[in-house]
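As structure tokens, the structure follows; a few thoughts come after it.
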Amino acid sequence: MTRIDREFDYVIVGGGSAGCVLANRLSEDPSVTVCLLEAGPPDTNPLIHIPAGMLWLMRSKVLNWQFHTQPEAALAGRRLYWPRGRTLGGSSAINAMCYTRGHASDYDAWAQAGNPGWSYKDVLPYFKRAEDNANGASAFHGAGGPLHVTTFPSPSPITQAYIAAGVQAGFPLNHDFNGAEQEGVGVYQVTQKRGLRWSAARAYLGPARQRPNLTILTRAHAHRVLLTGQRATGVRFQHGQQVREVTARREVLLCAGAVQSPQLLMLSGIGPASHLRAHGIEVQVDLPGVGQNLQDHLDVMVTHEGRRALSNGLTWRNIVKGPWSLLQLLLAGKGMLTNNGAEGCGFIKSSPTEPIPDLQFHFMPARLRDHGRDLGFMTREGFSMHVCFLRPHSRGQITLHSADPHAPPLIEANYLDHPEDIDKLVLGIRQIRRIFASPAMDADRGAEITPGPAVQTDAQLREHIRAHAETIYHPVGTCKMGDDASDPSHVVDSALRVHGVQGLRVVDASVMPTLIGGNTNAPVIMMAEKAADLIRAAAGH
Ligand SMILES: Cc1cc2nc3c(=O)[nH]c(=O)nc-3n(C[C@H](O)[C@H](O)[C@H](O)COP(=O)(O)OP(=O)(O)OC[C@H]3O[C@@H](n4cnc5c(N)ncnc54)[C@H](O)[C@@H]3O)c2cc1C
């Protein structure tokens, strides 16, 4: 790092999906100075950029925060593993690269809940502005934006069999889950370019890194936002062994994600007063909603033995092919190493009476267990399908474990607190079994490994879900957006300004009032694109 100015116009905390967008957009104006603080190291490890490196990233303690929930009451007291990215690009540097936006009605629901400017009609231009879709511009897609999006380049024949089986089971074939209709089965579009991961850092910091008005500090762990009266004026952070402070002349922008943005607010004295006092933190603003309203997609898998030697697991065949696969990736941007962990997509209705898809599938032509950390399980042929319920009713919370900024916060996801959340997963497993029973899977279908043929009744399936369900990595909602400052659940207004504090916004997955029906990276990038406009409009630049 070259130079550390002590004063900037904007200080951004967290160089993840949202932080990278803001760093780029705000520093487009050369008269404005921007500082980006990221707790993790730079994104130089090649395993970030090779999509199949995701398997290793799941185990990395350097590039991944490796959080765990508290024991989850409805999940047999298990503590669930929550990977989150810890490098430039944040979770977009370790995610599965699936590019989906959710359903149009998700955004209309945000607007109807009292968030003007966030309807689908309002946000579509920001999805398009961000995007460089390989299929070109259209009514739904953008071209020429920073974020490269392309149809997954090398779907396995097993993935193609799954899609054919889905069609045989009665679901529409869909080539664009972000187009006019979300429903159907097909191949995912992914955030990749020439077969390499296109993280938010690649997309947004790549073109901006050299700007003299943008300072990027890595290994810079924010401890708290500094306040003068009710105004945010800077950030205290640890850089190496030193504790430093930077001043923000205009605004501090928290982009630390759904787990750590509420933690940082609380460490700064902004949050539920009694909880802060219990940790000896002086209360600056009593905001009871901070850390509440946590929502996530809980996921369960159906895994099968395979019959064709075609899967993408860690089989001897694939290991021997390794050097050839690397060559294929580097020369053609294709092959097994482009694998994102989820090639086949599905958005389906759990029953025909549902107005919109309420279940999402991620199909993987490999046997998968424990987030891909059980490498032994992947050494044989097989395939897996995940299913999650897209709009869960259960709500959890993030609270402080202690006032130590380096201690992970307490995560209580409270999964399956609402009975419908588990009922939908039961229906999801049944739908997967129906698809896998279709003739198109005959050549691939070996024995079902999980839940396993003995697990058939609703009660047995529920027990299986409680014992095995995991996150599919979409925590949101812990700094809920809402304009009504008298509503204790609202943390930021619809311009993402923290209620009761000047010069402080939260811009990341935590501000979503409700979880959208899809993956969350593109929606977060969209939100940050819109936030950049809001910030610039407020400052008149
Ligand atoms: C394993 C995995 C797979 C996923 N798969 C997909 C997928 O296929 N498609 C999809 O759309 N979404 C996926 N997601 C979700 C998606 O990537 C996230 O929702 C999105 O990246 C969140 O963006 P964010 O800006 O809110 O937070 P993040 O991108 O997580 O960024 C937060 C950043 O803040 C930094 N930070 C935190 N605390 C501090 C601090 N105190 N000081 C300084 N810096 C700090 C972090 O290190 C991190 O870089 C996945 C996520 C994971 C973890």
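Take every Cα pair under 8 Å whose residues are at least 6 apart in sequence, average their separation, divide by the length of region 1-91, and the relative contact order is 30 percent.
Just list whichever of Lys128/Lys480; Lys424/Lys480; Lys121/Lys530; Lys121/Lys424; Lys128/Lys530; Lys61/Lys530 have alpha carbons separated by over 21 Å in the model shown. Violating the 21 Å Cα-Cα cut-off are Lys128/Lys480; Lys424/Lys480; Lys121/Lys424; Lys61/Lys530.
Looking at region 447-501, the accessible area is 40 square angstrom per residue; that uses a 1.4 Å probe and ignores ligands, DNA and RNA. Dividing the C-alpha radius of gyration of region 367-495 by 2.2 N^0.38 Å, with N its residue count, gives 1.38. For the chain, the longest principal axis of the Cα atoms and the long axis of helix 322-332 meet at an angle of about 70 degrees. Residue-wise HN-Hα couplings along region 296-308, as the Karplus relation 6.51 cos²θ - 1.76 cosθ + 1.60 with θ = phi - 60° gives them from phi, are 8, 8, 8, 9, 10, 10, 10, 10, 10, 5, x, 10, 9 Hz; Gly and Pro carry x.
With a simple spin-label model that places each label point 7 Å from the Cα along the Cα-to-Cβ direction, the separation between Ala443 and Ala143 comes to 3.5 nm. Here the peptides 208-216, 396-404, 362-370, 261-269 are ranked by packing, the mean other Cβ count within 10 Å, and the order with the highest first is 261-269, 362-370, 396-404, 208-216.
How much mean residue ellipticity at 222 nm does the chain get from its helices, if each DSSP H run of length 4 or more adds -39500 (n - 2.57) and you divide by all residues, to the nearest 500 deg cm²/dmol? Please list the in-between numbers first.
Details: 13 runs with 132 residues, N = 541.
Here the helix-only value at 222 nm equals -7000 deg cm²/dmol.
Taking a ≥ b ≥ c as the square roots of the eigenvalues of the Cα gyration tensor, region 177-284 is oblate, since a/c reaches 1.5 or more and a/b is not larger than b/c. Compactness check for the chain: Cα Rg over 2.2 N^0.38 Å is 0.93. Between helix 157-168 and the chain there is an angle of about 80 degrees, using the helix long axis and the longest principal axis of the Cα atoms.
Probing with 1.4 Å while keeping every protein chain in the model, the per residue accessible area of region 123-168 equals 36 Å².
Between the helical axis of 257-267 and the longest alpha-carbon principal axis of the chain there is an angle of about 30 degrees.
For region 298-383, the solvent-accessible area of protein heavy atoms averages 41 Å² per residue (probe radius 1.4 Å; ligands and nucleic acids excluded).
Of Glu38, Glu354, which has the most accessible area and how do the rest follow, probe 1.4 Å? List each step's numbers first, then the result.
On the way: Glu38 10, Glu354 50 Å².
Final ranking, largest accessible area leading: Glu354, Glu38.
Return the carbon/sulfur percentage of the accessible area of the chain, one whole number, probe 1.4 Å, all protein chains in place. Display every interim value, and only then the final one.
Working: 10520 of 19340 Å².
That fraction is 54 percent.
Ordering Glu282, Glu7, Glu131 by how much accessible area each has at a 1.4 Å probe, largest first, what is the list?
Ranked list, largest accessible area first: Glu282, Glu7, Glu131.
For Lys193, the aspartates and glutamates whose Cα falls under 15 Å of its own Cα, not counting residues fewer than eight places away in the same chain, are Glu131, Asp132. In the assembled protein chains, Arg236 presents an accessible area of approximately 80 Å² (probe radius 1.4 Å).
Here the scattering of region 349-415 is modelled by Debye summation over its C-alpha atoms, one equal scatterer each and no solvent; at q = 0.19, 0.25, 0.28 Å⁻¹ the log10 of I(q)/I(0) is -0.90, -1.00, -1.10. Taking all Cα pairs closer than 8 Å and separated by 6 or more residues, the relative contact order of the chain comes to 22 percent. Each Lys and Arg adds +1 at its Cβ and each Asp and Glu adds -1 at its Cβ; summed about the Cα centre, the chain shows a dipole of about 1580 debye.
The values are calculated or read from the model by the stated rules, or taken from the named source; none is laboratory data. This is a predicted model, so every value here is computed, not measured. Cβ sites come from the backbone with ideal geometry, for glycine too, and all protein chains shown count toward neighbours. Each accessible area value is taken on the protein alone, full model and side chains, heavy atoms only, with ligands, DNA and RNA left out. Shrake-Rupley method; radii C 1.70, N 1.55, O 1.52, S 1.80 Å.
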